[in-house]
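Novice: Take this structure, written in structure tokens, and hold onto it; I'll ask about it next.
All of the numbers you see were taken from the coordinates with simple rules; none came from a lab. Keep in mind that what you see is a predicted model, and the values were worked out from it rather than measured. Cβ atoms come from the backbone with ideal geometry, glycine included; neighbour counts cover every protein chain shown.
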Amino acid sequence: MIPEWVQFNWLTICIAVIPLIYLYLTWNYNYWKKRNVAFVKPQLIFGNYKEVFLQKRTVSEVMEDIYKKLDGKPFVGFWRFRTPGILVRDPEMVKTVMVKDFHSFQDNALIVDPKMDPLLAKNPFFVSGEKWKNMRSVLSPSFTSGKLKPLLPLMEGVCEELLEYLRAAAPASAPDGIEASLTAFKYTVEMVARCALGIKGNNFTDSEGHLRTMVRRIVSPGFWKNIEFMILNFLPSMGSFLHLSWMPRDVDLFFTKIVTDEMDYRKKNNVIRPDYLQYLINMSKKENGVAYTEADALGHAVTFLTEGSETSSITLGFAWYELARHPAVQEELRQEVAAARGANGGRLPFEALMELPLLDQVLQETLRLHAPLMAMEKTCTRATELRGADGVACRVEPGTLVVIPVRALHHDPAFYPEPLRFDPGRWAPGNRERLVKYTYLPFGEGPRICLGMRFAQLQVKLALAYVVEKFDIKTTPKTPNPVVQDPTYFLTCAKGGLWLRFEERKSSNSE
Ligand code: HEM
């Protein structure tokens with residue numbers, strides 16, 4: 001039996017504490033009203049992120065809803081739980097954040113704890129300030145056309161393996177076809193292993209796919225993985241308290257071992273290879289006079305492996321999907337590739353491949369409809385003022401979350417009529433010049449634009465060209481239409497997978 005005075009105290013404590021908790025939870029919900037910025041009403045505890053928290057919708061979908069609700073506003077306020085954030089709607093404002101006033105918004109909002117994630121902490125995406133600037137200047141030259149061109153023979157070898165794999169794994173009889181995203185992932189992990197690290201990943205032959213599995217342990221859809229992601233992203237101090245890391249410890253050790261083994265092998269045997277790792281090794285040599293260490297080189301080799309495989313495989317999977325759904329475009333592309341081969345003695349040289357107009361348009365349109373990163377989250381790094389075309393101005397404080405709603409811009413009928421229609425013709429000369437600047441951001445923009453953009457374009461274009469030449473890509477009863485986004489993943493991903501059939505072409509059999 002609880003004494004009466006204790007019962008009384010419990011009641012008093014509850015009466016006193018509940019309003020305090022309520023006050024704490026709603027304290028910031030005045031933030032945008034006080035600043036005269038339009039906003040979408042927040043919900044207790046969740047702000048505007050209830051559906052994200054419940055894993056019903058992704059951040060990019062929720063941002064698209066807010067974008068649509070407050071049509072006509074250059075920027076609008078929202079809350080990520082209790083944290084106020086700005087959603088930038090107007091392309092001019094996008095330019096301000098990503099280019100004109102870059103120094104006020106230069107950091108990405110995703111952070112990693114270098115103690116928990118030493119390898120990932122080297123990834124330029126997570127680095128800030130002067131350190132990022134120095135790192136970027138060391139790495140940028142490694143992605144020029146001049147550095148990519150010598151990789152072509154290596155890459156062509158991986159394309160041949162992809163064709164072999166499709167011949168064996170995708171017999172025309174399979175009624176549902178194969179899951180194209182996984183095939184694309186096998187291809188990009190293999191490509192990156194060869195071009196970045198100079199090693200064979202055996203992704204097409206090894207059913208376990210050790211290297212692939214390790215990359216998947218860092219980035220993949222899934223309920224529990226997404227819970228971890230939300231803690232690390234939204235509540236980083238709780239993540240540190242729980243000792244959570246983006247990259248599991250054994251994965252970190254695995255990558256460290258394969259890269260250092262390869263570095264040691266080259267050193268001991270005086271081996272020089274024409275790949276990205278070699279560039280990093282050369283940069284880390286003392287006589288270079290650059291403040292770049294072997295630990296940096298190790299971190300950046302792993303950056304290439306993780307950044308270079310998943311985003312490109314998403315793009316390739318969706319490009320195959322769109323070609324399957326648009327056989328006329330597929331046939332036109334096939335003829336374009338055949339003509340380029342014909343004009344180059346049966347080969348597809350680097351310049352010819354990169355300049356194929358329809359191939360480029362197919363890639364651009366795929367990235368418009370299915371950009372892997374559909375919302376970019378930045379942090380204000382220096383107090384500044386945003387001033388919209390409507391005259392509304394807002395002082396943005398350091399630490400404020402700023403979101404660029406890539407999905408909403410890419411799918412806005414004001415910028416792309418019939419936005420959900422796959423129409424490579426939007427990117428044809430004469431049309432592309434009419435598109436509104438800063439509404440197309442698959443690789444980001446400004447000084448932080450994707451470092452691996454050219455490599456990504458090259459590896460996706462190669463796989464598209466090689467596969468359409470030899471295969472008819474077809475839909476099956478299991479092919480999704482429309483695609484439903486998997487809500488347990490922060491990157492673009494079709495729920496249930498992209499099922500397609502790759503039928504070997506008769507003419508290509510007899511060649
Ligand atoms: C289709 C494939 C790819 C897409 C759609 C993509 C997209 C992006 C986006 C949206 C960003 C953020 C840009 C910004 O903040 O403005 C980014 C950054 C980055 N990407 Fe990619 N990416 C792709 C492939 C690659 C590849 C192959 C690499 C290879 C190394 C790579 C390396 C990076 C790095 C290192 C950054 C951070 C750059 C920085 O903060 O300075 N990406 N990427």
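Novice: Using a Förster radius of 45 Å, what is the FRET efficiency between SER240 and LYS200 based on their Cβ-Cβ separation? Nearest 0.05, please.
Specialist: Values: r = 37 Å, r/R0 = 0.83.
Once rounded, the FRET efficiency stands at 0.75.
Novice: Right, here's the next one. Normalised by the residues of segment 125-200, what does the relative contact order come to in percent, with Cα pairs under 8 Å and at least six apart? Could the numbers behind the result be given before it?
Specialist: Values: 20 pairs, mean separation 22.6, N = 76.
Relative contact order for segment 125-200 comes out at 30 percent.
Novice: Here's a follow-up. At most 15 other Cβ atoms within 10 Å and a DSSP loop assignment: could you name the GluC sites (Glu not before Pro) in segment 283-349 that fit? Could the numbers behind the result be given before it?
Specialist: Numbers: sites: GLU287, GLU294, GLU307, GLU310, GLU322, GLU331, GLU332, GLU336; in loops: none.
Qualifying residues, ordered by number: none.
Novice: Over the chain, what is the relative contact order in percent, taking alpha-carbon pairs closer than 8 angstrom and at least six residues apart? The partial results should precede the final answer.
Specialist: Numbers: 762 pairs, mean separation 118.2, N = 511.
Over the chain, the number comes to 23 percent.
Novice: Let me ask something additional. How are the alpha carbon pair distances in segment 243-379 distributed across 10 Å bins from zero to the largest one, expressed in percent?
Specialist: Result, from short to long distances: 10, 25, 25, 26, 14, 1 percent.
Novice: While we're looking at this one, here's another question. Ratio of alpha-carbon Rg to the 2.2 N^0.38 Å globular estimate for segment 360-420, to two decimals, please. Each step should come with its number before you reach the end.
Specialist: Working: Rg = 15.2 Å, N = 61, 2.2 N^0.38 = 10.5 Å.
Here the answer is 1.45, to two decimals.
Novice: So, one more: Can you tell me the length gained on complete extension of the stretch LYS131 to ASP261, counting 0.36 nm per residue apart and subtracting the Cα distance?
Specialist: Stretched fully, the LYS131-ASP261 segment lengthens by 44.1 nm.
Novice: Against the globular-protein guess of 2.2 N^0.38 Å, express the Cα radius of gyration of segment 202-315 as a ratio, rounded to two decimals.
Specialist: Against the compact-globule rule of thumb, the ratio is 1.25.
Novice: Relative contact order of segment 26-127, please, whole-number percent, based on alpha carbon pairs below 8 angstrom and at least 6 residues apart. It would help to have the intermediate numbers written out before the result.
Specialist: Values: 119 pairs, mean separation 22.3, N = 102.
Answer for segment 26-127 is 22 percent.
Novice: Sticking with this one: Going by C-beta contacts inside 10 Å, put ARG395, ARG432 in order with the fewest on the left.
Specialist: On the way: ARG395 10, ARG432 14.
Listed from fewest to most nearby Cβ atoms, that is ARG395, ARG432.
Novice: Only loop residues by DSSP count here, and only those with at most 12 other Cβ atoms within 10 Å; note down the trypsin sites (Lys or Arg not before Pro) in segment 108-209 that meet that. Please list the in-between numbers first.
Specialist: Details: sites: LYS115, LYS122, LYS131, LYS133, ARG136, LYS147, ARG167, LYS186, ARG194, LYS200; in loops: LYS115, LYS200.
Hits after loop and neighbour filter: LYS115.
Novice: Turning to a different aspect of this structure: If each of TRP27 and GLU418 carries a label point 7 Å out from its Cα toward its Cβ, how far apart are those two points in nm?
Specialist: About 5.3 nm separates the two model spin labels.
Novice: Multiply the residue separation of LYS68 and ALA169 by 0.36 nm, subtract the distance between their alpha-carbon atoms, and state the gained length in nm to one decimal.
Specialist: On the way: separation 101, 0.36 × 101 = 36.36 nm, distance 4.31 nm.
Result for the pair: 32.0 nm of gain on full extension.
Novice: In whole Hz, with x marking every Gly and Pro, tabulate ³J(HN,Hα) for segment 91-98 from phi via Karplus 6.51 cos²θ - 1.76 cosθ + 1.60, θ = phi - 60°.
Specialist: Calculated HN-Hα couplings, in order: x, 5, 5, 4, 4, 4, 5, 8 Hz.
Novice: Give me the angle, in degrees from 0 to 90, between the Cα long axis of helix 453-470 and the longest principal axis of the Cα atoms of the chain, rounded to the nearest 10.
Specialist: For helix 453-470, the angle is close to 50 degrees.
Novice: In degrees from 0 to 90, rounded to the nearest 10, what is the angle of the helix 59-69 Cα long axis to the longest principal axis of the chain?
Specialist: Tilt relative to the chain: about 70 degrees.
Novice: Listing PHE229, PHE318 from the residue with the fewest other Cβ atoms within 10 Å to the one with the most, what is the order? Spell out each step's value before the answer.
Specialist: Details: PHE229 19, PHE318 26.
Taking fewest neighbouring Cβ atoms as first place, the list is PHE229, PHE318.
Novice: Restricting to the chain, what percent of DSSP beta bridges are antiparallel, rounded to 5?
Specialist: So the antiparallel bridges amount to about 85 percent of the total.
Novice: Can you give me the P(r) profile for segment 77-149? Cα pairs, bins 10 angstrom wide beginning at 0, each as a whole percent.
Specialist: Percent of pairs per bin, in order: 16, 33, 35, 14, 2.
Novice: Shifting gears a bit: Any chance you could check the Cα centroid distance between segment 353-380 and segment 399-475 for me, in angstrom?
Specialist: Comparing the Cα centres of segment 353-380 and segment 399-475, I get a distance of 2 Å.
Novice: Full extension from LYS41 to ARG341: what is 0.36 nm times the residue separation minus their Cα-Cα distance, to one decimal in nm?
Specialist: Details: separation 300, 0.36 × 300 = 108.00 nm, distance 5.72 nm.
Extra length from LYS41 to ARG341 when fully extended: 102.3 nm.
Novice: Related question: Could you grab the Rg to Rh ratio for segment 1-120? Cα atoms only, Kirkwood for Rh. Could you put the intermediate results ahead of the total?
Specialist: Working: Rg = 20.1 Å, Rh = 17.5 Å.
My calculation of the ratio gives 1.15.
Novice: Let me ask another. Helix 327-343 against the longest principal axis of the chain: what's the angle in degrees, Cα atoms only, rounded to the nearest 10?
Specialist: Long axis of 327-343 versus the principal axis of the chain: about 50 degrees.
Novice: Would you work out which of PRO19, LEU353, PHE185 lies farthest towards the positive end of the dipole of the chain, given +1 charges on the beta-carbon of Lys and Arg and -1 on that of Asp and Glu, about the Cα centre?
Specialist: Final value for the positive-end residue is PRO19.
Novice: Here's another thing I want to ask about it. If you add up the charges near PHE185, with Lys and Arg at +1 and Asp and Glu at -1, over every other residue whose beta carbon is less than 11 angstrom from its beta carbon, what do you get? Walk me through the intermediate numbers first.
Specialist: Details: positive: LYS186, ARG212, ARG216; negative: GLU179, GLU190, GLU310.
Combined, the nearby Lys, Arg, Asp and Glu give 0.
Novice: Once segment 44-101 is represented by equal point scatterers at the alpha-carbon sites, with solvent omitted, what log10 I(q)/I(0) does the Debye formula produce at q = 0.22, 0.27 Å⁻¹?
Specialist: Normalising to I(0) and taking log10 leaves -0.88, -1.10.
Novice: Cα-based Rg of the chain per 2.2 N^0.38 Å, rounded to two decimals? If you can, show how the numbers build up before the last one.
Specialist: On the way: Rg = 24.7 Å, N = 511, 2.2 N^0.38 = 23.5 Å.
Dividing the Cα Rg of the chain by 2.2 N^0.38 Å gives 1.05.
Novice: Moving on to the next point. Take the cross-link list LYS149/LYS268; LYS122/LYS286; LYS68/LYS474; LYS149/LYS285; LYS147/LYS285 and give me the ones stretching past 30 Å between alpha-carbons. The partial results should precede the final answer.
Specialist: On the way: LYS149/LYS268 27 Å; LYS122/LYS286 19 Å; LYS68/LYS474 34 Å; LYS149/LYS285 24 Å; LYS147/LYS285 19 Å.
Where the Cα-Cα span goes over 30 Å, the pairs concerned are LYS68/LYS474.
Novice: Based on other C-beta atoms within 10 Å, arrange SER142, SER237 from fewest to most. It would help to have the intermediate numbers written out before the result.
Specialist: Numbers: SER142 21, SER237 9.
Arranged by neighbour count, lowest to highest, SER142, SER237 become SER237, SER142.
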